Each structure stands twice: as structure tokens, then as C-alpha cells.
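Student: Okay, here's the structure, questions in a sec.
A short reminder: the numbers here are calculations on the coordinates, not readings from a lab. If you're wondering where the values come from, they're calculated on a predicted model, not measured in any experiment. Cβ placement follows ideal geometry from the backbone for every residue including glycine, while neighbour counts extend to all protein chains displayed.
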Amino acid sequence: MSIAPERTRTAFVKLERDLRKLALERQPESVHSFRTGSRRLQTLLENIFPNRDRNQRKLLKLLTRIRKRAGKVRDIDVQLAALRNLKAMQEPRRKTELMRDLIELRAQYDKKLRKALDKKMVRELNKRLKRAEKQLDLKNARDPLATAKEMLAQAPRAAGTPSDELLHQYRIITKRARYAAEFAAESQRAEQFIRQLRRMQDALGDWHDWLMLTQNAARHVEDGQHSTLLAMLRNVTGSKSRRARAMLPGSDSARPMPSSEGTAAGTPRQPAPPKRGAKASLALQATSAA
């Protein structure tokens, strides 16, 4: 399926706008929009136009640096929103203290993001974005839908119950596959496939957000073994984890992915663990800037 020129142009125009907005203020909406837009453009240039020139490579390098800092801010924003909605009637003080710690942490990350986004950086990024869009030859684009399916098919298999590591890897793969598929020309087949990816992405993202909140709480809450708040967070994370596992291709609850011809595709191989457990937990945080 061919690439949609208007969607390609929108990716560049929107990212320029998000970049300018992020440089002025870093509210949760602007941080999230930039982070998503930069990841979408990365998928376009790395997976759909794999033959990158020097300007595109430099552009991606700069965007990655900013996105990682924005990702730290975004993670805290999501955790704060989840914590505000958590009814912790038995330990309101601990909940308040954890929220305060997270707000302070967000301020630290915001400062680093603001420092990285000075006027010089914004000008250079805008210049490189315009040049990259102008030099893009749509005739050399790979099929976005086929590319997305190929990305899913490359995920390694895992025997038995999917680990946290595998869930995290699927979260990243599903997100990037969805971004690739969204560059395809409009069709019922493409929309059906994107809906499936979005359902998986939502479940996996929800699990990951609560997992990160639980890990932060474990570091900040004293006497964690006897903390009702921490126990609640672990229970919620466990529930989100079960739902996310059920969404993976091959599970009893998952709907079959449509194939290139519109029929059910074969189950993608499941990925090898990226990070959880003692060492895994640290790795997960290091790669969470999705």
C-alpha cells in the first residue's frame, strides 16, 4: 500500500509547531505532543525511508536527545495523573508525600529540558526539518503497512507467560508499528490494522505507566513492606499487567491481526525481555523514553 503524501507533510508541519510550543511552555499536553511527533517522524525516516542523508541523520540525533529529556517529564506527568485518581484512604499522608516528591522530580527534569531547548537549538531543528521534508522523495518510500507488519513479525518469541521484559519490548514495537502504518493511504484494511495496534498500545502503555509509578513509590515510601499505598499500587499494576498480556498476539483474548490481504495474519514472534527484575528494572527505566 502506497504512502499518503498529506500524512507525511503533516508529520513535519506538526512537529515544527510542537517544537515551538515546547520551547515556550512545557505543560503535559505540549510535552506529550512533541514526544509523539518526534517518535512518529523517527519511524518515518528510519523505517519507511531507510536511506537517510546526512541532514536526516543529524536531525534524528538532535530530536532523540530532546525527546529523551521530554520523555522523563512525560513519565512523571502520567504518574502524577494516575496517583491523583488513586483512592488511598488509609495512607493519605504517604500519597501526598509521594506526589510532592514526583512534582519535585518533574521540576528537575523540566529544567534540563528547558536548558536543552534554547533558541539556537530550536532554530537548527526547524531548519533541518524543513530541509528534510523538502528532500524527501516519496517514490523511494517503502510500503507503510507492509513495513508495520514486518516490524511486528521481527519480534522474537518467548515461551510461556510473557515476562515484563517482553511486555516492555512489545510496547515499543507496537507503538512504532502503529506510527508506520499511519503513513499508509486511507483504506479499511489499514484502519482495521491500526485499530488493533492502538488497542495493544493502550493496554501496554497503561501497564507501563503504573509499573513506573509503583517503582518510584517503592523508592520513596519508607517501610515499604507495611505500606498500604504500595500494596495498592502493586495490585493495580498486576491487574494492568494481566490485561496487557491478554492483548498480545497469540493470547486467548487477542484478536487476530489482519494480514496484507485483509485476513488474519500469523502471530508475530514475541520479543525477548528488555528489562525487569533486579537488573531489568534499571534497564526498563533507561529505555522508557519511548
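Student: Restricting the calculation to Cα positions, tell me the Rg (one decimal) and the Dmax (whole number) of segment 1-70 in Å.
Tutor: 12.4, 39
Student: Structure shown: which of Lys61/Lys139; Lys58/Lys149; Lys72/Lys127; Lys61/Lys149; Lys14/Lys175; Lys21/Lys87 lie over 30 Å apart, alpha-carbon to alpha-carbon?
Tutor: Lys21/Lys87
Student: Of all trypsin sites (Lys or Arg not before Pro) in segment 118-161, which ones are in loop regions per DSSP and have a Cβ with at most 12 other Cβ atoms within 10 Å?
Tutor: Passing both the DSSP loop test and the Cβ count: Arg157.
Student: A further question on this structure: Could you compute the net charge surrounding Lys14? Neighbours are other residues with a C-beta less than 15 Å from the C-beta of Lys14; K and R count +1, D and E count -1.
Tutor: Residues close to Lys14 contribute a combined charge of +4.
Student: Check each of the GluC sites (Glu not before Pro) in segment 1-104 and keep only those in coil by DSSP with at most 14 other C-beta atoms within 10 angstrom; list them in order.
Tutor: When the GluC sites (Glu not before Pro) of segment 1-104 are filtered for loop state and at most 14 Cβ neighbours within 10 Å, Glu25 remain.
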